[in-house]
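No value in this document is a laboratory result; all are computed from the given coordinates. Quick caveat: nothing in here was measured; it's all calculated off a predicted structure. Cβ: placed from backbone, ideal geometry, glycine included. Neighbour counts: every protein chain shown.
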Amino acid sequence: MNPIGVMTFNVRQCRGRDGRIDPERILRVIDQSAPDIVALQEVESSFGSDHLSYLGNGLRMSVFGPAVPGGNAYLSRFPLKGIQQYSLGNDGICLKADLDLLGKRVHLFNVRLHPSPFHQYHQLKNLFGSDLVGNPYFPCSKLILGDFGAFCPWFWNLPFLSLGRLRRPLWRLTYPSWFPLFSRDRVYHLGDIEVLHATVVWNPLTRSASSHLPLNVTVNIRDNLDYLHAEQIRGEMGTAAGCFRKKAALR
């Protein structure tokens, strides 16, 4: 399969650094990178706004997800199925979708967590619980991406969670966009997905369009006939390079 480009971008209701709501700037940011799939967070600014349709029409991409204020959504050049929004509690959101390409499926989890570490603890328990990432009915490879908030060091020691962090240069942070200090916007992968390239887009346009910088990854979806089982999730999160993975046995 040819590699596909995936972007995660918290557009903050299309409100730029100058306080002006301008979906045209967001459209130009996405168009510069030309991704195949975009996971958006905080798309609409109010009921009655239609930024999602504006972006989809301007980029000639299909739109998926509820167009509600502060909600998550997808733009995609491929059909997405199984669209369902989940509450993670305390304003945390996950928009789940399935991507099917040439007989290969990937479960997508578009996440926005609360900035508070206290709330994140409970939201991550819900995200990796039996309804979402740990659901045995979601056995294929997974991409978990979005705005994970500003993590504290104790995050990596949570007993219910084992994440492999996507490698990138330490100075390529995403928030705030005009002077990045935090790595809030991330992509994690689980299963037969190879990350070929990752970059944070940092230029005058992206610094002004939103308070978050977009993160682009190029991934290759390998044969996932050997489906992962929920109990094998622990310890199998992959990083962009040098990750250790073990095949799940067919049952």
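List of remarks:
- Using a Förster distance of 22 Å, the FRET efficiency for LEU181-ASN203 (Cβ separation, nearest 0.05): 0.75
- Where trypsin sites (Lys or Arg not before Pro) fall in DSSP loop in the range 42-88, at most 13 other Cβ within 10 Å: ARG60
- R0 of 41 Å, Cβ-Cβ distance GLN85-ARG60: FRET efficiency to nearest 0.05: 0.95
- By the count of neighbouring beta-carbon atoms within 10 Å, fewest first, ILE83, ILE4 end up ordered ILE83, ILE4.
- If you take all other residues with their beta carbon under 9 Å from the beta carbon of LEU205, and give Lys and Arg +1 and Asp and Glu -1, the sum is +3.
- ARG172-ARG17 FRET efficiency (beta carbon distance; Förster radius 22 Å; 0.05 resolution): 0.70
- C-alpha center-to-center spacing [the range 53-115, the range 182-220] in angstrom: 16 Å
- The chymotrypsin sites (Phe, Trp or Tyr not before Pro) of the range 59-125 include none that meets both criteria, a DSSP state outside H, G, I, E and B (loop) and at most 16 other C-beta atoms within 10 angstrom of the site's C-beta.
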